[in-house]
Every structure is written in structure tokens, then in C-alpha cells.
Amino acid sequence: EERYDAGGIEGKWQAHWEKEQTFKAAQDGRDKYYLLEMFPYPSGRIHMGHVRNYSIGDVVARFKRLQGFNVLHPMGWDAFGMPAENAAIQHGTHPGKWTYENIDNMRAQLKKMGFSYDWDRELATCHPEYYRWEQLIFLKMFEKGLAYKKSSFVNWCPDCQTVLANEQVENGACWRCGMLVEQKELEQWFFKITDYAQELLDDTCRLSGWPEPVLTMQRNWIGRSTGCEIAFPVADADLQIRVFTTRPDTLFGATFMSLAAEHPMVADLTTPDRRAEVEAFVARVRTQDKARRTSDDFVKEGVFTGSYAINPVNGLRLPVFLANFVLMDYGTGAVMAVPTHDQRDFEFARKYDIPMVLVIQPENQTLDVAVMDEAWVGSGCLVNSGPFDGLDNETAKEKIAEYLEAQGFGRKTINYRLRDWGVSRQRYWGTPIPIIYCPHCGIVPVPEKDLPVVLPMDVEISGEGGSPLARHQAFLKTNCPTCGGDARRETDTFDTFVESSWYFARYTCPRFDQGPLDREAVDHWLPVDQYIGGIEHAVMHLLYARFFTKVMRDLGMLSQDEPFRNLLTQGMVCMDTVSCPAHGWLFPEQAVDGKCSLCGASVKTGRTEKMSKSKKNVVDPDQLIARYGADTARLFSLFAAPPEKDLEWNEQGVEGCYRFLHRVWRAVYDNLERIAGADILPEVDGAARDLRRQVHRTIKKVTEDIDGRFHFNTAIASVMELVNAVYGFEEKARHPGVMREALEATVRLLAPFVPHICEELWTCLGHAGGIESAGWPDWDETALVEDSKTIVVQVNGKVRGKVTVAADADEASLRQAALEESNVARFLEGKTVRKVVVVPSRLVNIVAS
Ligand code: ANZ
Ligand code: ZN
């Protein structure tokens, strides 16, 4: 074929790879390399974000394979989740049907992109043969106390009758229906990730292949603080209020107590005369969402309970308040309030007229409580603190903590911001939690032999409150495995983050039927050598996956401590937004010559933003492939920006990539006859030698740019330059061997980026067996050696000429060549040379006057 026909060759090579099982990963003597991209949610169609993510991964997978590694590069589907249920409600299709159809669509789309997956390992998390093993892991965790049930306060939408994650609450209202969200106490299943808080924190230091910002986010999320727990007795009652503080140095300055509205002691602390007001306050706080309650600009309010606590170090009576900014699930849910040294307490004390006592005096100013207009949160010396006066406050933290321990009022503790992971969802389309409730035996785990607890398919999904599972009698009603009596199944399903917490391990043995993991396979392949995905998963997904790895290790299922050795977070795919005054956002093809195709009005081009359906600034990968082919789509996504940066979509860029592939095609075809059978001779001179040097330089650069650095854009740019050099080479006829070497290098270097065209051209160049078996090219060090170099000559700092000298010329000969250069000599006429500065291989500066 004389012309580059992307469509034709792409289908042909995809069929070839499939037939030959080119990308099948096998455990053999070669070094393993596990390359993984975050698996997609089967929403229906792939978008440009997927194209980019998976193109990046595919370059690495193909490159490593060519380098001789045994590469594991799997693909699958994160197939449980809300959108399937919403689609069911809207269109009346079953979530399962919807999901599997989407998977079929998207699999076909990915295949059209030519990604080098081992499709034999494909998995869908909604498949019983996947989630049965997840249920088994849960049972093992339950046995070890790592999965437990407790009642807790959750965001609850009274209209949708379901729990909402914090991210699903917008300004205190449900993201779906707009109803005000309540805090509801519910029995929920939790995973004890807090048992691993310290290890998860410590091991961040071992993840040198992760971006620093991601590690920082993980550390902040874990949020370790050291401090004290202190018990304050309640006046005239046999009660104690325990607080967590990071500032024991301010203990003498505590003038009141703040408790969370949900604190279990609220009823006991409230005096009869205060009851009505307290109850009203508690009811109001419960409607406020947790994320906002702690933000700085949230209005701080509270209510007095009528009780007093006693400060154990100075006997001061501290009124006990409830405050909206104190959260039950941090520390102990109670705070000793020090208005002089904590800004929230300061504002609260001003509002409710509570006295203040200064206990830390800064070094270079004198604070006076009467005129303070904000809390002093800095360091200083202790005052009004009895025996601790005069100590600097860092020392005082230690001393007061020791004193409290000695007196039995408190102890040093470490507190983590990280909470146990609530995994219960009142959802249908998820993994059933394998638990049975028996009126006699209580919570009974489903026996392992009865797994999987299969999600029933014959459900009615109406969108009305609650989970359809709770209305499915055949699912709900069962017998107790212990006593055989009538019992009821758990109807909650897992948070879908559970599935994505171990899929990377299951890929190593996706059809293993004796347990979740085949120890030998998982220990062979893990850790993932390179993980690639979006920054939006920097905290939750990556933290949960790390947690699960440690849990599976402690359950004896695998040996690794960490799942992902290297992490690359790719940027977003962005595009201009276009809008019409009458029709709002327009798809790019709806704007023709600056006019709206619906009404003819002039359109406005808005900001470049992340591609999204809502703003209509999207490009459909299928259309792109139909028009240009997968290789162009891949090339553009890799060439337009470095992977970790945002990529701005533009049609001209795509056109440019397409033209480049034509150019490569033509360079090979135009020279085919000439170079057929030509020997590659290393001994050449002049322009031929220069071209060889560029070939080997390019091999070196592309290799180094890809390997661990992901500088795909500069790698591609250097191959483009090489192609230019091939076109510009004037001694084609005299040096067919050099031409062949240059063209073959071009094809081999481009193969990881644009595999279809390269396979085709490689065959045209007379090679049987496919480019995969050719391996990655090496560069020839001797070809890199320069035989001459060009040096700039300055006179008094101004460039006056250039000289070309032997590559190994010494200083003396450089100096002489510089002084003899004709233009330089002209500038030196009539002057005396005072000094000659030689910067080897760069320039010579002559100082003359
Ligand atoms: C007394 C004090 C004095 C505090 C002072 C701060 C400054 P980090 O570093 O985030 O761990 N706190 C404790 N539990 C709380 C809860 N459930 N809700 C809201 N606030 C809570 O901060 C710990 C500090 O946050 C603790 O130290 C406590 O206030 C507050 F000059 O105790 B501090
Ligand atoms: Zn029973």
C-alpha cells in the first residue's frame, strides 16, 4: 500500500496481536514488570481522559516488553456503583444489564486503541467470582476484629433514605434532591484502618517513587498529633469529661469546656432548666454538615448545659458548653477551651461572655487579656500557671504532661485524624456484606462454604427509599448458620472503594478458584512497578489500597507491605468552552465559523476547562479514531504535554500528528527499493556520519526520556527531528545502508507510541515476526563521538565569529584558531590582546584594548 491508511492497518494488527497472544503475561525466567493504570468505571463510553491515561501506560508497557521484561499489563472494570442504579431508575434497565453492555462497548473501544493488554486477565468487580473473594477477605477481617459494626452519626438524606458521603453533601443539602441533610445515628460496618495508621504514615517514607504532593496529602489525611488526654471531674456529679489536647501547656488557661452536640454525656450534663434550649441546639447542629462545621469561617455557636467541670490543676470551675465546631469523631469529642490561645475558643468566649486567662506571654510584646483582639497562638513563656511559670511553652508541654501522668489526671496520647472506614452502603448494586442476623445468636458471619452471597438479579429498583435488597424476601430471609432458626441477611453492600482496594492483586491470578489470591502468583508480580492514574485518587483509593495490602499481608495472603512502587499522576485533558447566548454551552461541532449552528448567533469562546459533558467541551474518541486512526489519537495525547501536566486539546495539534505519521510512512515507502538488502556500514564520513550520529543520539534520548521519566513529548520531538534529517539527507543513493539504519531506528523508536503503523512499516522493511520480537534498539557509543566541534569566539564579550576545530582539540589550538579567524582578526586590528579565556567545547573570549 503506497498511502498511509490507518483504518486498514490498525484492524489488521489488532487481530494479529489477539491471535498471537502477543501481550500475554507469563511467569518465566525474565524479570517481571507490572504496569497498571487505574481501572475505569464502566460508565458507557471511554473519554479522552481514558485515552490519555491508557496511552501513557501503554508506552511504558510496550517499552518494557521491548526491553525484554516480562510485562503484566491487565485491564478490567470497577463495575459496582451508583450510576448503574440511577440509570436503572431513569431508563428502567437493570443495573447489571446496563453495566455489562457498557463493558462490552468500552472493551471494544479500548481494543480499537490498540492497547497491549493481556485480555485473558480481564475482570469485572460485579462478577460473583470476584466479589466472593472479597466477601471472604471480609470474613477473615471480621474474625480478626478488623471489620466491626458500630453505630455512628452519618449524613442522611431523609428524602432519598440513604447515607451520603461527605462529598455528596453540598451546602448542607443532598446533591441529588436538594433536601437538607440530617445527622442520623445508624449501625454501620467499619474497617479498622486506624489500627494501621502509624504504619501507613511511616511507610510513606519508603515510597520514593511517589509524587511528593500525594505523600503529603496522605500524611495530612492520617493527621497524627501528639498531645494529652486529660480527665476533668464534673462538679457535684460522679462524672468525668475526657478531652484531647495538643496544648497541655495551656491547661491553666482553660476557662470553659466545649463538647460535641452528639457527645454521649449530653443528657447527664444538662440541668433541667437548660434542657429545652440544649435539645433545640442539638437538633439544629445535627442538620449542619460536618465538613463545614470545622471550617474557619463557620459561625461558632453553642449552648450552656448548666454543669461545671473542675480544672484538676487549679480547681477552677469551668462551665460546660456544647459547641457546633466540636466533632464527636475527633479525639474524645470534648475540648478544654482556652480562649486566650485558640482562635475558635476566643470567638466563642467573646460571644458568650466567658472570662479569659492569659497563660503564655510572647517574648517581644506584652499581651493584656482586656485588650486582646485575637488569640495568641504563638510561642512564649508561661504565666498564671502556678509552678510552671517562667517555662518556655515547649518545655511546659512536656512538664505538664509528666505532672498530669504523675497525678493520675491524664496521660500522653497520640491522636490521628484518620477515622475507621465506614463501608456500609444502603445500595443495591454492590457486594453484599456476608452477615446474618439471628434473633438468638446475634451477628453471625456467613460460613465460607456458603460464599458467594449472590446479589439477586430479580429486584425492583424504584428509586424509593431504602435498598431494594431489604424488600427482597427471598434474599432477606434465611436460616441462622449456627442454630438453624429463622434469620435475616444483612442488606447493606460495600462501598465500591472496597473492590478497588485489592483488584491489583487479583489481576495476578484472576481465575484462581481456591481463594482470593494465589500466593505464588501474587508474590511473583507484586508490587505494581508503575501505577498510573488521576490525582483525584491521591487520598482515598490509594490509602485504602495500601491498607488492604497490609491487611492481606497480615492474613497471610501475600508478602508485600506496599502495593505500588512508583506512581504517576497524570494531568487532565482540557479544551475551550463555547457558548451561545440562546443555547448555552455548545459542542465544538455546533459552532461553525463562530456562529451557533442552531440559531446563527455569535458564539462566545470561554475558558479552557477540563473536558466534561456538562460543559460540552468534549471530543469523542470514536470519532477521532474514525477520522485519523488510533495511532494519531495516541500520538497527540502523548506529544501535546508531559503526562503529569494538563493537556490542552486542539485540532491543529491532532492534524500535525496525523501529518507526521504520513511523513514517516512516505519516508519508508519512498526509499524501500533503494535500501532493500543494504548493509549497515558503520564506517562512513561527512553527512552520512552526521546522520548516523543523529540516529544514535535519538536512540539514546528516547530511551532515557521514556525510562522512568515519562518525557514522551520530548522523545517524540527528537524522532520528528530525525525524520527531518532523513528527508534532508542528500546522499541517499550513495549510502543506502545509512538510510536503512535511520528508517529502521525511526520505526522501532516510535513503536511504543504508535504501534500499528510501526508494525506495518517494520514488515515492509522486510522483517518477519513482528516488531515486538525485534527488541529495543541499543545505541552505538562510537557513532555518538563528534569528529569536530564549533566554538563561538567573542571579542570583549561580543560574538565576532565561529571556528570549527577537531573534537579533541586542546586549549592551545583552540586559542590559535580563534585568533586567526578572519572576522575576529579584523576586530583585533590595532589592539593588544590582554587575555584569552577558553571555555572548552563552548567559547573563547578575547579581551583586547
Ligand atoms: C486545648 C487547646 C488550647 C487546644 C490551645 C488548641 C489550642 P490537632 O492539631 O488538629 O490535633 N480539639 C480536640 N478535639 C476536638 C474535636 N473533637 N473537635 C474540635 N476540636 C477539637 O488539634 C487538636 C486540638 O483541637 C486540641 O487542642 C483541641 O483544642 C481541639 F491554645 O485543646 B486544644
Ligand atoms: Zn441463631
Inset, instruction - Run down L598, L558 and say which single residue is farther than 22 Å from Q109 by Cα and surrounded by 13 or more Cβ atoms within 10 Å (Cβ to Cβ). - result: L558
Inset, instruction - Looking only at the stretch 762-803, count how many residues are open to solvent by 70 Å² or more (accessible area, probe 1.4 Å), of a type outside the set (A, V, I, L, M) and assigned to a strand (DSSP E or B). - result: 3
Inset, instruction - Specify which of the listed residues (R519, R553, R511) is surrounded by fewer than 18 Cβ atoms within 10 Å (Cβ to Cβ), closer than 26 Å to W429 by Cβ, out of contact with any strand residue (DSSP E or B) (no Cβ under 7 Å at 6 or more places or on another chain) and of a type outside the set (G, A, S). - result: R511
Inset, instruction - Kindly list the number of the only condition in (1) within 23 Å of the chain's Cα centre (by Cα); (2) open to solvent by less than 60 Å² (accessible area, probe 1.4 Å); (3) modelled with pLDDT under 95 that fails for V181. - result: (1)
Legend entry - Answer from V320, V313 - the residue that is part of a strand (DSSP E or B) and within 16 Å of ligand 1 (Cβ to nearest atom): V320
Inset, instruction - For L624, indicate whether it is in contact with a helix residue (DSSP H, G or I) (Cβ under 8 Å, 6 or more places away or on another chain), open to solvent by less than 70 Å² (accessible area, probe 1.4 Å) and in a strand (DSSP E or B). - result: no
Inset, instruction - Would you tally the residues in the stretch 751-770 being free of Cβ contacts under 8 Å to residues at least 40 places away in the same chain and of a type in the set (V, I, T)? - result: 1
Inset, instruction - Specify the residue that is farthest from ligand 2 (Cβ to nearest atom); the eligible residues are those in the stretch 309-347 that are open to solvent by less than 10 Å² (accessible area, probe 1.4 Å) and of a type in the set (G, A, S). - result: A337
Inset, instruction - Consider G253 carefully, then state whether it is away from ligand 1 (no atom under 12 Å from the Cβ) and among the small types (G, A, S). - result: no
Inset, instruction - Go through the residues of the stretch 363-370 one by one and say whether even a single one is touching a Ser or Thr at 6+ places or on another chain (Cβ under 7 Å), open to solvent by less than 80 Å² (accessible area, probe 1.4 Å) and within 13 Å of ligand 1 (Cβ to nearest atom). - result: no
Inset, instruction - Could you tell me which numbered condition V824 fails, if it satisfies all but one of (1) assigned to a helix (DSSP H, G or I); (2) open to solvent by 80 Å² or more (accessible area, probe 1.4 Å); (3) among the β-branched types (V, I, T)? - result: (2)
Inset, instruction - Please identify the pairs in which a residue from the stretch 1-19 that is assigned to a helix (DSSP H, G or I) has its Cβ atom under 9 Å from the Cβ atom of a residue that is among the hydroxyl-bearing types (S, T, Y), counting only partners at least 6 apart or on another chain. - result: A6/Y628; A6/T632; A6/Y658; H16/T22; W17/S116
Inset, instruction - Working only within the stretch 84-95, note down all residues that are more than 17 Å from L455 (Cα to Cα) and touching a Ser or Thr at 6+ places or on another chain (Cβ under 9 Å). - result: A87, I89
Inset, instruction - Could you tell me whether any residue of the stretch 159-171 is closer than 25 Å to V522 by Cβ, of a type in the set (A, V, I, L, M) and open to solvent by 10 Å² or more (accessible area, probe 1.4 Å)? - result: no
Inset, instruction - Return the total of residues in the stretch 821-849 being closer than 19 Å to K789 by Cβ and aliphatic (A, V, I, L, M). - result: 8
Legend entry - Qualifying residue in the stretch 371-391 (condition: out of contact with any strand residue (DSSP E or B) (no Cβ under 7 Å at 6 or more places or on another chain), open to solvent by 80 Å² or more (accessible area, probe 1.4 Å) and of a type in the set (V, I, T)): yes
Legend entry - Within the stretch 410-440, considering residues that are farther than 30 Å from P233 by Cα and touching a helix residue (DSSP H, G or I) at 6+ places or on another chain (Cβ under 6 Å), the one nearest to ligand 1 (Cβ to nearest atom): W421
Inset, instruction - Please indicate, with yes or no, whether at least one residue in the stretch 434-453 is on the phi < 0 side of the Ramachandran plot, of a type in the set (S, T, Y) and in a strand (DSSP E or B). - result: yes
Legend entry - Looking only at the stretch 442-476, and only at residues there that are under 20 Å from E187 (Cβ atoms) and open to solvent by 60 Å² or more (accessible area, probe 1.4 Å), the one that is nearest to ligand 2 (Cβ to nearest atom): I443
Inset, instruction - Have a look at L819, L814 and point out the one that is part of a helix (DSSP H, G or I), under 29 Å from V695 (Cβ atoms) and open to solvent by less than 80 Å² (accessible area, probe 1.4 Å). - result: L814
Inset, instruction - Keeping to the stretch 679-719, report how many residues are farther than 30 Å from G209 by Cα, open to solvent by 10 Å² or more (accessible area, probe 1.4 Å), in a helix (DSSP H, G or I) and in contact (Cβ under 8 Å) with a residue 60 or more places away in the chain. - result: 3
Inset, instruction - Could you list, in sequence order, all residues of the stretch 480-509 that are assigned to a loop (DSSP other than H, G, I, E, B), within 16 Å of ligand 2 (Cβ to nearest atom) and of a type outside the set (D, E)? - result: C480, P481, T482, C483, G484, G485
Legend entry - Where L635 falls short, out of the listed (1) open to solvent by less than 20 Å² (accessible area, probe 1.4 Å); (2) more than 30 Å from L784 (Cα to Cα); (3) part of a helix (DSSP H, G or I): (2)
Inset, instruction - Evaluate the stretch 736-753: report whether one residue or more is hydrophobic (A, V, I, L, M, F, W, C) and open to solvent by 50 Å² or more (accessible area, probe 1.4 Å). - result: no
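The values are calculated or read from the model by the stated rules, or taken from the named source; none is laboratory data. This structure is a prediction, so every number in the text was calculated from the model and none was measured. As a convention, Cβ positions derive from the backbone with ideal geometry for all residues, glycine included, and neighbour counts pool all protein chains shown. With ligands, DNA and RNA removed, areas are computed over all heavy atoms of the protein, side chains included. Shrake-Rupley method; radii C 1.70, N 1.55, O 1.52, S 1.80 Å.
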